[in-house]
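For reference, the structure is listed below as C-alpha cells.
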2 protein chains.
Amino acid sequence: MNIGEIARRAGVSRSTVSYALSGKRPVSEDTRRKIQRIVDELGYQPSASARALANGRTSTIGLVFPPAGNHYTGMQLDFIGSVVEAAAAHDYDVLLSPSGVDSDRSFQRLLGERRVDGAILMEIRLEDDRADHLAALGFPSVAIGRTAHPEDGWYVALDHTALAAACVHHLADLGHRRIAFVNRPEQLLRTGYESAHRGLDGFTKAAAERGLTVRTYCCGDDAAAGQACLEQILHDDPATTALVTLNEAALGGLYRGLAHAGRHVPRDFSVTGVVANRWAETVTPQLTAADVPAAEMGRLAVDLLVERLDHSDAPPRQHLLTPPISLRASTGPAGVPQT
Amino acid sequence: MNIGEIARRAGVSRSTVSYALSGKRPVSEDTRRKIQRIVDELGYQPSASARALANGRTSTIGLVFPPAGNHYTGMQLDFIGSVVEAAAAHDYDVLLSPSGVDSDRSFQRLLGERRVDGAILMEIRLEDDRADHLAALGFPSVAIGRTAHPEDGWYVALDHTALAAACVHHLADLGHRRIAFVNRPEQLLRTGYESAHRGLDGFTKAAAERGLTVRTYCCGDDAAAGQACLEQILHDDPATTALVTLNEAALGGLYRGLAHAGRHVPRDFSVTGVVANRWAETVTPQLTAADVPAAEMGRLAVDLLVERLDHSDAPPRQHLLTPPISLRASTGPAGVPQT
DNA sequence: TTGAAAGCGTTACCAG
DNA sequence: CTGGTAACGCTTTCAA
C-alpha cells in the first residue's frame, strides 16, 4: 500500500496525493475529498522511512540515558514517562538509547545513522563527552542537568547547589548541629555526575556557613547500601541528629537503619533531601524534601527541543528550577544531642 | 556524507562499498581494506532511513506501554530498562509508544508508518485490542502478560494465578484465617487488566480451598490510597491478620496504615504479595513476596521477538514464569485474632 | 489546480 | 570479483 496506489485509484498523480495529505499546496476540494475517501478506505499511511529519506526529518527524538548498571531510580522513570508523553503531544516518537558515553554503539547509531532529529540527554556529568560531542556537531539537543560550562547549551536542570543548601538551612534552623550527607554512589561521583557534585558542594558550603559539624558519605543506589550507610554514620558520630540525602533508592534503607538503631524519626533524628515527591510520600514518616518535579522537567525538555528543532537558529534557552522544600513529617527540632 | 562519496574516493562502485560493508558478497581483500580505511577516516555510517527504505527493516522494535495516567510502577521501570539493554545487545533500538489502545495516534504511527520491525506489548489485558490487532495483521510481537486466549501468541508472563495462590497458602500455613486482598485500581480491573484479574482469581480460589474468610479491595497506585485502603480493611473487619497485595505502589501506604493502627508487622499482621524485589527490599520490614523478575522478563521478551523476526515462520513460543516466594521479614504466625 | 520527474541514500539483482 | 541500474516510497521543484 503506497502513495502510487492511492494516486492510481483516485485517478490523480502521486504529487497531488502528497499535497492533498500534507496541505502544502492548495488542492481542489473535490479531488481532496476523493483522495481522502480512498485513503480512509484503505487505511493508507505514508511510510516513515520513505518520508524521512525524502525530507530529512525522522519525527523522532532520542532519549539518552545510561545503562542500568547503576540501577534506575524512580526519578528517571518519571522523566522517561513525561518525555514520551510530551513528545507524543508534539507527534514525535521517542527512541531510547542506553548510552553512558560517546563511544557507545547505541549512541553512534543514534547520531551517525541519523535516526533522530534531536536528543535529550539524561544523567549529565560536569564534563560530559556526549554533550560536548553533540555541541561540536551542532546537533540539536537538550540536557536534563547542567555541565560545568552550561552557558551556551540548552538545558533544564535543578539547582542542586541551592537545593542541598536549603536542606541544610532547614535543619540548622531546627537546631541541628551535627548532620550527615548521603550522596549517590562513589562511582558516580568519580565520573563527575552533576547532581552529586553540585549537591555535595551546596551542602558543604551551607554547612560551613552555619558552622555545622558534618560528614559526607557515598551510598549505593539500593536499600541495603542505605542501611549500611546509616550504620556507618552513627558509628562515626553517634551524636549526629540529621541527614540530607540525594539518594532516593537508599531512602528506605536509611529509614530501616534508623529504626534498627532505635532512633525515631523525627523525634530523635531528622531526614531530608532531594527526592521525587511520589517517593517522598512512600516512606513513613513522609519525607520533608525538595520535590524533584521530574514530570515537569521532562515536559520542559521536550518543549525546548521541539522549539530548537523548529527554529534551528534560536538562541539557547535554559530552565533552572529550584523547587521549594515540601514540609512533611521527617524533620523536627533537634533534641539534646547524645554523646 | 553518503555511500556515493565513499565509492568515488575509493574508486569503486557504490554496490561494492555496500557489499564490502555488509559482507553479503565476497570482496577482494585489497579493495575491502581500501574502502574500510576511507570509511574510518570519514566516519561514514549509512543512513538508517535509506537503509530501512531499501531493505524493509528498521532495526527498531517498539515498546508499547500505557500512558502514565495510572502512574508508572517500579516494575515497569525495570522492564523498560532491561528491554532496552537486551535490544541493544541485538543491535536493535527501542521506540517507546505510550499507547493504551489500538486507536492511539502513537500506536497507529508505530504500525501504519512501519517505524518498527516488531513490538513488545506491556500491561496486557485479558481482551486486548492491541494484541488482537497485531495478531490479525500478523505483525511480529511479543506480549509481556497473557491474554484470555494466549495459546497461539508469543508471550512471557507471570502465572499470577499461581503466585497469588502461593501467597494465600503461605499465610494459611502460618495460621491466618481472615485475610484481605489489595488489588490494583478498580479502573484497571474494569478494563480487564490481566494480572489484576488472574491474581484476584488465584487468591479467591486458594482462599476458598483453605476455607479462609476474605475480603478483596481495589486500591489506587500510590501511598495515600494504600493507607486509606488499609484503614478500610481494618474498619471492615478488625480481625483481619494478613493481606496479599499486587500493588507495589501502594505498599508504602499499607505499611503506614498498619503503623498508624498500631499493628506491628509481622507480629500482629502479615503482609505479602507479588512485587519486584528491589521494592520488596525497600520497605521495613522487608516484604516476603513472590519476586517479579522484571529484568529477566524484559530480556526474554526481546529474545523471543528477535527470534520471531529472524524466522518469520517460527511457531509461537511462550515463557510462563512462577517465581518462588522469597521469605523476608513481613510474615509470621497468626496471633490470637482480635475481635 | 495539476502532472512529470528528479532526487533522498541504500540495497540487491543482473551482467560481465 | 566488480559495475551498472532498478527498485524502495515519499517530497518537492519545475512546467503547464
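The values are calculated or read from the model by the stated rules, or taken from the named source; none is laboratory data. Predicted model only: the values in this text are computed from it and were never measured. Virtual Cβ from ideal backbone geometry, glycine too; neighbours counted across all protein chains shown. Note: areas computed on protein heavy atoms with side chains; ligands, DNA, RNA excluded. Shrake-Rupley method; radii C 1.70, N 1.55, O 1.52, S 1.80 Å.
Observations on the model:
- The set of residues from region B:21-40 being among the charged types (D, E, K, R) and more than 14 Å from chain A (Cβ to nearest Cβ) comprises B:24, B:25, B:29, B:30, B:32, B:33, B:34, B:37.
- Test result for residue B:3, of a type in the set (A, V, I, L, M), farther than 19 Å from residue A:97 by Cβ and within 8 Å of DNA strand C (Cβ to nearest atom): yes
- Among residues of region A:20-44 that are charged (D, E, K, R), those with a beta-carbon under 7 Å from a residue that is within 14 Å of DNA strand C (Cβ to nearest atom) at least six positions away or on a different chain give the pairs A:25/A:19; A:32/A:20; A:34/A:10.
- Residue ranges of helices (runs of 4 or more DSSP H) in region A:95-211 with at least 2 members in the same structural domain as residue A:297 (by the TED database), touching a Lys or Arg at 6+ places or on another chain (Cβ under 7 Å) and more than 25 Å from residue A:300 (Cα to Cα): none
- Residue within region A:5-13 that is open to solvent by 80 Å² or more (accessible area, probe 1.4 Å) and more than 7 Å from chain B (Cβ to nearest Cβ) present: yes
- Selection from region B:327-336 of residues that are open to solvent by less than 60 Å² (accessible area, probe 1.4 Å) and out of contact with any helix residue (DSSP H, G or I) (no Cβ under 7 Å at 6 or more places or on another chain): B:329, B:330, B:332, B:334, B:335
- Any hit, region A:221-229, residues being in contact with a His (Cβ under 7 Å, 6 or more places away or on another chain) and either assigned by the TED database to the domain that holds residue A:248 or without any contact (Cβ under 8 Å) to a residue 60 or more places away in the chain (or both): yes
- The set of residues from region B:80-127 being at the interface with chain A (Cβ under 8 Å from one of its Cβ atoms), touching a residue at least 60 places away in the same chain (Cβ under 8 Å) and either of a type in the set (S, T, N, Q) or touching a His at 6+ places or on another chain (Cβ under 7 Å) (or both) comprises just one member, B:82.
- Scanning region A:28-41 for residues that are away from DNA strand D (no atom under 11 Å from the Cβ) and touching a helix residue (DSSP H, G or I) at 6+ places or on another chain (Cβ under 8 Å) yields a total of 6.
- Residue count, region B:234-257 (criterion: more than 21 Å from residue B:166 (Cβ to Cβ), of a type outside the set (Asp, Glu) and in contact (Cβ under 8 Å) with a residue 24 or more places away in the chain): 9
- Scanning region A:254-310 for residues that are of a type in the set (Lys, Arg) and open to solvent by less than 20 Å² (accessible area, probe 1.4 Å) turns up just one, A:256.
- For region B:252-263, the tally of residues that are outside any loop (DSSP other than H, G, I, E, B) and more than 8 Å from chain A (Cβ to nearest Cβ) stands at 4.
- In this structure, residue A:18 does not satisfy being within 14 Å of chain B (Cβ to nearest Cβ), surrounded by 14 or more Cβ atoms within 10 Å (Cβ to Cβ) and within 11 Å of DNA strand D (Cβ to nearest atom).
- Within region B:1-10, tally of residues that are without any contact (Cβ under 8 Å) to a residue 12 or more places away in the chain and within 10 Å of DNA strand D (Cβ to nearest atom): 2
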